[in-house]
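A quick write-up on the structure given underneath.
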Amino acid sequence: MSDESGSVDRHAVVCRGLRHAFGGNVAVDGVDLDVAEGEVFGLLGPNGAGKTTTIRLITTLLPAKPGMVEVFGLDVARHRMAVRRAIGYLPQQLSADAALTGRENVELFARLFDVPRRQRRERVEEVLSAVGLADAADRRAQTYSGGMIRRLELAQALVSAPRLLILDEPTIGLDPVARDGVWERIQEVRRATGMTVLVTTHHMDEADQHCGRIALMHRGRVQALGTPADLKSGLEPGATLEEVFRAYTGDRLDEPGDGFRDTRSTRRTAGRLG
Amino acid sequence: MLARVAAMCVVELQKMRHDRTEIYTRAIQPALWLLIFGETFSRIRAIPTGRVPYLDYLAPGILAQSTLFIAIFYGIQIIWERDAGVLAKLLVTPTPRAALVTGKAFAAGVRSLAQAVAIMVLSAVLGVALTVNPLRWLGVVVVVMLGTAFFSCLSMTIAGLAMSRDRLMGIGQAITMPLFFGSNALYPVGIMPEWLRVISHVNPLSYEVDALRDLLIGTPGHLLLDVAVLIVAAAAGITAASALLGRLVR
Ligand SMILES: Nc1ncnc2c1ncn2[C@@H]1O[C@H](COP(=O)(O)OP(=O)(O)O)[C@@H](O)[C@H]1O
Ligand SMILES: [Mg+2]
């Protein structure tokens, strides 16, 4: 973590001294992160830990000041467009446009990312089948289930062939089957392309199962960092990440969050107004 | 830039194709203005419009009004997109803020055009002597697009300041009627009290109406000045709204 100069170019994301406050509420409080190229890196923490704010700092939605963020060696503050070009982003909310068909949703992002017209159709088709929505592509997204919407958004994020995929709670509000469906697609694409994945979650088991390395976040800080095995090694054998979290923070992780409710109300609004 | 703007317009067309009911329901209000207000005031000849029949005089005004009414609440869509995470996703694409706003503004214009068709068909049925010159119709398209672009940017600017749907609704409602009645849409500037003339003079809606009247029914206006004002207004609106767009997702 201290070696900044030599290894920066092999990192997909480097954060140093990241801090952000909303009014007096410090959401991110001095976060340092290194995400290596090609890995699946998890930001794990309860609601309010500062995961989304960290993501928004990395994705140029919030000014990364004070502190510093680099994406593939590019300073986010100075190379905003180049950074955005490298990123596929899936926000925490279910954000596909319910009034459009699946294909139209993906096409919009293909256009916004300048996928050349000649390749566009093929590219859109490709990602739609990669997420298992080829058959539903011409239905409007308002008829989709939660899992399908999430996979559609995955297709939107993937259509630009990003080197870095940033997923903010990709499985929020999904049942276990749909959750596995989403992860299966992510892992397939990753194996095929070698893209880096930065994912937030408040599900212990998900981080354990899918992430190469995990940063435990709590109250705006990274409390612990390492592979799931590393994090568990300090504790008695067979310890769950849940127990790891409690050991590092003294708090419980799975407090009933309001994330699920958020997502559902978003969907309802989307259906009504979209 | 142009491709991005086109992409946003394509989306708007796709939405309109999927759900046409909105176009029909939105055409009801201008239709009522033409049918009830227009027919009544034609009969009582209360408004001096020279040799132009009042209904002919009114039709371009109602067309301009419909663009105002469509556009002034367009910012609600931006706020909804903010709440739904759509805006964040758009802002993480390599699209300049100004291109997003311009795209949205012209997408609103596309919607206006669909409604303009309905109003023009009704006007023709009611016997308004509309132009048959295709160049003038092209001009109408441009003016409707520019007018809608300005008012939708005004709405997005208010959205960026108000930050919430309710406040935007309130402000929108508060300014719609003054913009409408403080224009030459219903009556000539000549019969306005002095203070209202001043408002009408700085009101982009008046320039839109003036241009549409010139193009559609041949009332001599100040076409070049009108279009210039609308272009400047739209550009200013795009600038203001893009500057505030990032603020919405903070
Ligand atoms: N737009 C915002 N305005 C004000 N406070 C916010 C905003 N977004 C997040 N916060 C606050 O910042 C803290 C961290 O939130 P967030 O980054 O969303 O956490 P997480 O994603 O881990 O649930 C919380 O206390 C939250 O209330
Ligand atoms: Mg979050």
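The values are calculated or read from the model by the stated rules, or taken from the named source; none is laboratory data. Because the structure is a prediction, the values reported are computed rather than measured. Using ideal geometry, Cβ is built from the backbone for each residue, glycine included, and neighbour counts are taken over all protein chains shown.
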Across the range B:12-23, what is the number of residues that are assigned to a helix (DSSP H, G or I) and without any contact (Cβ under 8 Å) to a residue 12 or more places away in the chain?
6
Do you know which of the residues in the range A:25-73 that are near ligand 1 (Cβ under 8 Å from one of its atoms) and of a type in the set (G, A, S) is surrounded by the fewest Cβ atoms within 10 Å (Cβ to Cβ)?
A:G48
Members of the range A:12-33 that are in contact with an Asp or Glu (Cβ under 9 Å, 6 or more places away or on another chain) and either within 14 Å of chain B (Cβ to nearest Cβ) or more than 16 Å from ligand 2 (Cβ to nearest atom) (or both)
A:A12, A:V13, A:V14, A:C15, A:R16, A:G17, A:R19, A:H20, A:A21
Per the filter on the range B:33-76, residues of a type in the set (G, A, S), more than 14 Å from chain A (Cβ to nearest Cβ) and assigned to a helix (DSSP H, G or I) are B:G38, B:S42, B:A59, B:G61, B:A64, B:S66, B:A71
Just one of (1) farther than 13 Å from B:K104 by Cα; (2) in contact (Cβ under 8 Å) with a residue 12 or more places away in the chain; (3) not β-branched (V, I, T) trips up B:C9, so point out which.
(1)
For the range B:75-110, the count of residues that are among the polar types (S, T, N, Q) and more than 19 Å from A:E107 (Cβ to Cβ) equals 2
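Here is a yes/no grid of residues against (1) among the hydrophobic types (A, V, I, L, M, F, W, C); (2) in contact (Cβ under 8 Å) with a residue 12 or more places away in the chain; (3) closer than 16 Å to B:A71 by Cα; (4) buried (at least 17 other Cβ atoms within 10 Å of the Cβ):
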| site | (1), (2), (3), (4) |
| --- | --- |
| B:V121 | yes, no, no, no |
| B:L130 | yes, yes, no, yes |
| B:V142 | yes, yes, yes, no |
| B:T148 | no, yes, yes, yes |
| B:L154 | yes, yes, yes, yes |
| B:I158 | yes, yes, yes, yes |
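Taking A:S129, is it more than 8 Å from every other protein chain (Cβ to nearest Cβ) and either under 19 Å from B:V11 (Cα atoms) or assigned to a helix (DSSP H, G or I) (or both)?
When the stated conditions are applied, A:S129 passes them.
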Do any residues in the range A:162-173 that are in contact (Cβ under 8 Å) with a residue 24 or more places away in the chain have Cβ atoms under 7 Å from those of residues that are in a loop (DSSP other than H, G, I, E, B) and within 12 Å of ligand 2 (Cβ to nearest atom), where the two are at least six apart or on different chains, and which pairs are they?
A:D168/A:P91; A:D168/A:Q92; A:E169/A:Q92; A:I172/A:Q92
For the range A:162-169, indicate whether the set of residues that are in a helix (DSSP H, G or I) and either within 11 Å of chain B (Cβ to nearest Cβ) or away from ligand 2 (no atom under 16 Å from the Cβ) (or both) is non-empty.
no
Which of (1) modelled with pLDDT of 95 or more; (2) within 14 Å of another protein chain (Cβ to nearest Cβ); (3) not in a helix (DSSP H, G or I) is the odd one out, the single condition A:L154 does not satisfy?
(3)
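Pick from A:G146, A:G194: which is surrounded by fewer than 16 Cβ atoms within 10 Å (Cβ to Cβ), in contact (Cβ under 8 Å) with a residue 60 or more places away in the chain, more than 16 Å from ligand 1 (Cβ to nearest atom) and over 13 Å from the mean Cα position of the chain (by Cα)?
Testing whether each residue is surrounded by fewer than 16 Cβ atoms within 10 Å (Cβ to Cβ), in contact (Cβ under 8 Å) with a residue 60 or more places away in the chain, more than 16 Å from ligand 1 (Cβ to nearest atom) and over 13 Å from the mean Cα position of the chain (by Cα) leaves just A:G194.
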Mind checking which helices (runs of 4 or more DSSP H) fall wholly inside the range B:77-171 and carry at least 2 residues that are of a type in the set (G, A, S)?
B:97-125, B:134-162
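The rows are residues; the columns are (1) at pLDDT below 95; (2) over 19 Å from the mean Cα position of the chain (by Cα); (3) hydrophobic (A, V, I, L, M, F, W, C).
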| site | (1), (2), (3) |
| --- | --- |
| A:P63 | yes, no, no |
| A:G67 | yes, yes, no |
| A:S95 | yes, no, no |
| A:F109 | no, no, yes |
| A:L112 | no, yes, yes |
| A:P116 | yes, yes, no |
| A:R139 | no, yes, no |
| A:L164 | no, no, yes |
Looking at B:L230, B:L212, B:L245, which is the one that is within 16 Å of ligand 1 (Cβ to nearest atom), in a helix (DSSP H, G or I) and touching a residue at least 60 places away in the same chain (Cβ under 8 Å)?
B:L245
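If you take the residues of the range A:41-82 that are part of a helix (DSSP H, G or I) and within 9 Å of chain B (Cβ to nearest Cβ), which of them is nearest to ligand 2 (Cβ to nearest atom)?
So, considering only residues that are part of a helix (DSSP H, G or I) and within 9 Å of chain B (Cβ to nearest Cβ), the one nearest to ligand 2 (Cβ to nearest atom) is A:R56.
Before we move on, is B:G61 of a type in the set (G, A, S), farther than 19 Å from B:G172 by Cα and surrounded by fewer than 14 Cβ atoms within 10 Å (Cβ to Cβ)?
No; evaluated as a whole, the condition is false for this residue.
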Would you be able to say whether some residue in the range A:173-187 is closer than 30 Å to A:R139 by Cβ, touching a Phe, Trp or Tyr at 6+ places or on another chain (Cβ under 9 Å) and not in a helix (DSSP H, G or I)?
yes
Scanning the range A:170-203 for residues that are farther than 21 Å from A:E125 by Cα and of a type in the set (V, I, T), the one farthest from ligand 2 (Cβ to nearest atom) turns out to be A:V177
Report yes if some residue within the range A:108-128 is surrounded by fewer than 21 Cβ atoms within 10 Å (Cβ to Cβ) and within 16 Å of ligand 1 (Cβ to nearest atom); otherwise report no.
no
Restricting to the range A:86-102, and then to whatever is more than 7 Å from every other protein chain (Cβ to nearest Cβ) and surrounded by fewer than 24 Cβ atoms within 10 Å (Cβ to Cβ), can you tell me which residue is nearest to A:G147 (Cα to Cα)?
A:A98
Given the conditions (1) away from chain B (no Cβ under 13 Å); (2) farther than 22 Å from A:M195 by Cα; (3) of a type in the set (D, E), every one holds for A:E122 apart from (2)
Tell me the residue from A:A207, A:A215, A:A224 that is of a type outside the set (V, I, T), in contact with a Pro (Cβ under 9 Å, 6 or more places away or on another chain) and either within 14 Å of another protein chain (Cβ to nearest Cβ) or within 16 Å of ligand 1 (Cβ to nearest atom) (or both), please.
A:A207
